[in-house]
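The values are calculated or read from the model by the stated rules, or taken from the named source; none is laboratory data. Keep in mind that this is a model prediction, so the values were computed, not measured. Please note: Cβ atoms are built from the backbone with ideal geometry, for glycine as well, and neighbour counts cover all protein chains shown.
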Amino acid sequence: MNIKNKHYRTIWLHPDNENIVQIIDQRWLPHQFVIANLRTVDDVCIAIRDMWVRGAPLIGATAAWGMYLATVETPASCARDFFYEECYGKLLKTRPTAVNLKWALDEMLKAATGNDSIIESKWYAKTRATWITDDDVKTNLAIGEHGVKLLAEIAEKKGNKTVNILTHCNAGWLATVDRGTATAPIYKAKEMGIDVHVYVSETRPRNQGAQLTAWELLENAIPHTLIVDNAAGHLLQNGMVDIVIVGTDRTSRTGDVANKIGTYLKALAAFDNNIPFYVAAPSSSIDFKMRDAFKELIIEQRNPDEVRYVQGFENNQIKNVLIAPEQTQAVNYAFDITPARFVTGLITENGICQATEAGITALFPGK
């Protein structure tokens, strides 16, 4: 997407040094645009774990480039494949929920191991990581092409009046390599001249909606309005939203959707008010081996201080401010699970389907 009229992906190789991976450090947005250099596997682990990058597709792409950096820093005296397996394990532990992470790491381990030299491993790893990032962009473009049909239908029914979309968290360009998942139909709609407006929920406790989604929509001239998370039900109840589109960190083969905490509540409100609730789900985010997300999925708990403190910008400095009594305990669940029965459909790169095993496997036969 464009920032100050310049195109950026969220991750790329340094143009002058292919041993450095560069990312947009999302911790400082929307107030500061910071590009960070990742030189080692440990750098990548920190970037994923501490949310310099976030969003399931981007986590996968970043982990892929982390495995590439493993081939860059391979100790000459060690068994290469064993070292790559160690790096794989370190990267796998950084975030437990997003299935893209393991998928990308599995692809990279196959590319890096079993080669005759470090040079070969590096070449295969670079080639595979490049493919993973490029494929993510193609996937998101396809999701946009399929998803925009939903927005076009709504626009036609409304006599080409504004289509109001509600989204949650950030499933945009900043959560992927480019274009986004939930935002891909929105960007495509703008390109087609469809009048769209996006309600952006703030998404406590890390405020990815307020800090990231609002920022990227602003930079790309998409009309939007920021709302507190608890206002979503009111908007849905009063006919102010035409469609809800969210992303997913992991979707089971039976259609249950794990996504940012608060997604379930929006799905309930949409269901109660007959508002379509769609999930933009690239196949890399579908766990085809998982049948029962409620029994099989580990819901990540993050640092409770993310709940107790709020990040803000004052006097040209980013500050964390305590909002609760100092001794109050907090719990910080990062994700919740929306049962498939509340999901109108999944928007994938292969088309739109019902959130059922039959619907998913019809689009992805053999999975």
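Filter region 79-101 for residues that are of a type outside the set (S, T, N, Q), crowded, with 19+ Cβ neighbours inside 10 Å and closer than 27 Å to Lys295 by Cβ; which is farthest from the chain's Cα centre (by Cα)? Taking the candidates together, the pick is Tyr88.
With respect to Ile337, determine if the residue is buried (at least 18 other Cβ atoms within 10 Å of the Cβ), in contact with an Asp or Glu (Cβ under 6 Å, 6 or more places away or on another chain) and of a type outside the set (Gly, Ala, Ser). Yes. A count restricted to region 349-367 and to residues that are among the hydroxyl-bearing types (Ser, Thr, Tyr) and part of a helix (DSSP H, G or I) stands at 1.
With respect to being assigned by TED's automatic domain parsing to the domain that holds Val279, part of a loop (DSSP other than H, G, I, E, B) and not basic (Lys, Arg), Ala171 fits the description. Looking for something modelled with pLDDT of 95 or more and not in a helix (DSSP H, G or I) - is there at least one such residue anywhere in region 136-159? Yes, region 136-159 contains a residue that is modelled with pLDDT of 95 or more and not in a helix (DSSP H, G or I). Taken together, the residues in region 293-326 that are surrounded by 12 or more Cβ atoms within 10 Å (Cβ to Cβ), acidic (Asp, Glu) and either in contact with a Phe, Trp or Tyr (Cβ under 8 Å, 6 or more places away or on another chain) or farther than 29 Å from Val177 by Cβ (or both) amount to 2. Just one of the listed residues (Tyr84, Tyr124) is aromatic (Phe, Trp, Tyr), part of a helix (DSSP H, G or I) and over 19 Å from Arg39 (Cβ atoms), and it is Tyr124.
To keep it simple, each residue is scored yes or no on (1) assigned by TED's automatic domain parsing to the domain that holds Leu13; (2) over 15 Å from Thr130 (Cα atoms); (3) among the hydroxyl-bearing types (Ser, Thr, Tyr).
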{"site": "Thr71", "(1), (2), (3)": "yes, no, yes"}
{"site": "Pro75", "(1), (2), (3)": "yes, yes, no"}
{"site": "Arg80", "(1), (2), (3)": "yes, yes, no"}
{"site": "Tyr88", "(1), (2), (3)": "yes, yes, yes"}
{"site": "Thr94", "(1), (2), (3)": "yes, yes, yes"}
{"site": "Leu101", "(1), (2), (3)": "yes, yes, no"}
{"site": "Leu105", "(1), (2), (3)": "yes, no, no"}
{"site": "Leu109", "(1), (2), (3)": "yes, no, no"}
{"site": "Asn115", "(1), (2), (3)": "yes, yes, no"}
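Quick check: anything in region 315-335 outside any strand (DSSP E or B), under 23 Å from the mean Cα position of the chain (by Cα), without any contact (Cβ under 8 Å) to a residue 60 or more places away in the chain and assigned by TED's automatic domain parsing to the domain that holds Gln237? Yes, that holds for at least one residue.
Regarding region 24-39, can at least one residue be identified that is of a type in the set (A, V, I, L, M, F, W, C), in a loop (DSSP other than H, G, I, E, B) and more than 26 Å from Asn170 (Cβ to Cβ)? No, there is no match, as no residue in region 24-39 is of a type in the set (A, V, I, L, M, F, W, C), in a loop (DSSP other than H, G, I, E, B) and more than 26 Å from Asn170 (Cβ to Cβ). Comparison of Ile143, Ile132, Ile118 shows that the only residue that is surrounded by fewer than 19 Cβ atoms within 10 Å (Cβ to Cβ) and aliphatic (A, V, I, L, M) is Ile118. Those helices (runs of 4 or more DSSP H) of region 183-254 in which at least 1 residues are charged (D, E, K, R), in the same structural domain as Gly159 (by TED's automatic domain parsing) and more than 26 Å from Val53 (Cα to Cα), considering only elements entirely within it, cover 184-192.
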